[in-house]
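Data first, discussion second: the structure below is written as structure tokens.
The values are calculated or read from the model by the stated rules, or taken from the named source; none is laboratory data. All values reported here derive from a predicted model rather than from experimental measurement. Every residue, glycine as well, gets a Cβ built from its backbone with ideal geometry; the counts of neighbours run over all protein chains shown. In case anyone asks, the SASA skips ligands and DNA or RNA and just uses the protein heavy atoms, side chains included. Shrake-Rupley method; radii C 1.70, N 1.55, O 1.52, S 1.80 Å.
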Amino acid sequence: LEARDPLTGATMDDIQLRNQVITLLLAGYETTANALTWTLYLIASHPEIEKQLSETVFESGADSAKLTQDIFHEALRLYPPAWVLGRKALSADQLDGYHIAPGTVIAISPYAVHRNPDYWAEPDAFIPERFSHGNGFHGPTSPFLPFGRGPRQCIGKDMALLEANMIVPAILRRYRLKLVPGQDIRPEAAFIMRPDGPVWMQPTLR
């Protein structure tokens, strides 16, 4: 509602606003649902993290919100729902010595960048605390880009982070989660990155 065209100062009309809301509801539903699925899967797979988070959510303070955010960010690093992004060059450019012609579509894979050992220590390990030390993973040149980057960054970023910070603690306040044994859960790179089948859990009331 507050957005303004940087050149004309114009606001969005009713149809544009409606389309943006539809984008948030539809695009933000499946991506966030899968991000939360991966988050709960990783929490249940790491009992020490589950114990730490469960203890902090009952304190309901800033530490709980920060830990939840670190865990969600690490889940997004390992399993970004938008595992590949496309960007179109509007003019000629150079990229690492390669000539990019106008109109070229460049495919960028956050999944590959997020597991590149040049940027991440133990890139395949689930280590939420890597986000807790002010290490620059959220800066403009960061290798962490689950929502893309720049003016075309995902419009649903803030909503997804808000949902995670509400939903994950709400579940853990009520339940302990345990993975049903014998599952071989693998990522499936469809339109979004999802588990290749159901993720079965045994919830126990606290």
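Computed 3J(HN,Hα) for the stretch 110-120, one whole-Hz value per residue from the Karplus formula 6.51 cos²θ - 1.76 cosθ + 1.60 where θ = phi - 60°, is x, 4, 5, 4, 5, 10, 7, x, 5, 10, 10, glycine and proline marked x. Helix 47-57 and the long axis of the chain differ in direction by around 80°, with both axes built from C-alpha atoms.
Our estimate of slack between A65 and S109, defined as 0.36 nm per intervening residue step minus the Cα-Cα distance, is 13.0 nm. Less than 5 angstrom separates the built amide H of I100 from those of D93, Q94, L95, all sequence-distant by 5 or more or on a different chain.
Scanning residues 5 or more positions from L85 or on other chains, those with amide H under 5 Å from its amide H are I108, S109, with H placed 1.01 Å from N in the peptide plane. Helix 157-174 versus the longest principal axis of the chain: what is the Cα-based angle in degrees, 0 to 90, to the nearest 10? The angle comes out near 10 degrees. Amide H to amide H distances under 5 Å link Y175 with R206, where only residues 5 or more positions off or on other chains count and H is placed in the peptide plane.
If you roll a 1.4 angstrom probe over the protein chains with everything in place, what fraction of the accessible area of the stretch 143-201 belongs to carbon and sulfur, to the nearest %?
About 58 percent, which is the carbon plus sulfur part of the accessible surface.
Evaluate the Debye formula for the stretch 1-103 with equal point scatterers sitting on the alpha carbons, no solvent, and hand back log10 of I(q)/I(0) at q = 0.17, 0.22 Å⁻¹, in q order, two decimals. Per q value, in the given order, log10 I(q)/I(0) is -0.96, -1.08. The residues of the chain have, on average, 62 Å² of accessible surface per residue, using a 1.4 Å probe with all protein chains present. Taking the inverse of the mean reciprocal distance over all distinct Cα pairs, the Kirkwood hydrodynamic radius of the chain comes to 19.0 Å.
Only Cα pairs under 8 Å and 6+ residues apart enter the sum, and on that basis the relative contact order of the chain stands at 22 percent.
Using alpha carbons only, how many degrees (0 to 90, rounded to 10) separate the axis of helix 62-78 from the longest principal axis of the chain? With rounding to tens, the tilt is 60 degrees. With a Förster radius of 25 Å, plug the Cβ-Cβ distance of E55 and E188 into 1/(1 + (r/R0)^6) and report the FRET value to the nearest 0.05. Here the calculated transfer efficiency is 0.15. If only the Cβ of Lys and Arg carry +1 and only the Cβ of Asp and Glu carry -1, the dipole of the stretch 60-171 around its Cα centre is close to 400 debye. Normalised by residue count, the stretch 89-206 yields a Cα convex hull volume of 164 Å³ per residue. What's the longest bit of the chain with no exposed chymotrypsin sites (Phe, Trp or Tyr not before Pro), using DSSP loop states and at most 14 other Cβ atoms within 10 Å as the test? Answer from the scan: 120-190.
For the stretch 66-126, a simple Cβ point-charge model (Lys and Arg +1, Asp and Glu -1, everything else neutral) yields a dipole of about 260 debye relative to the Cα centre.
Under the convention that each Lys and Arg Cβ holds +1 and each Asp and Glu Cβ holds -1, the size of the dipole of the stretch 159-206 around its Cα centre is about 360 debye.
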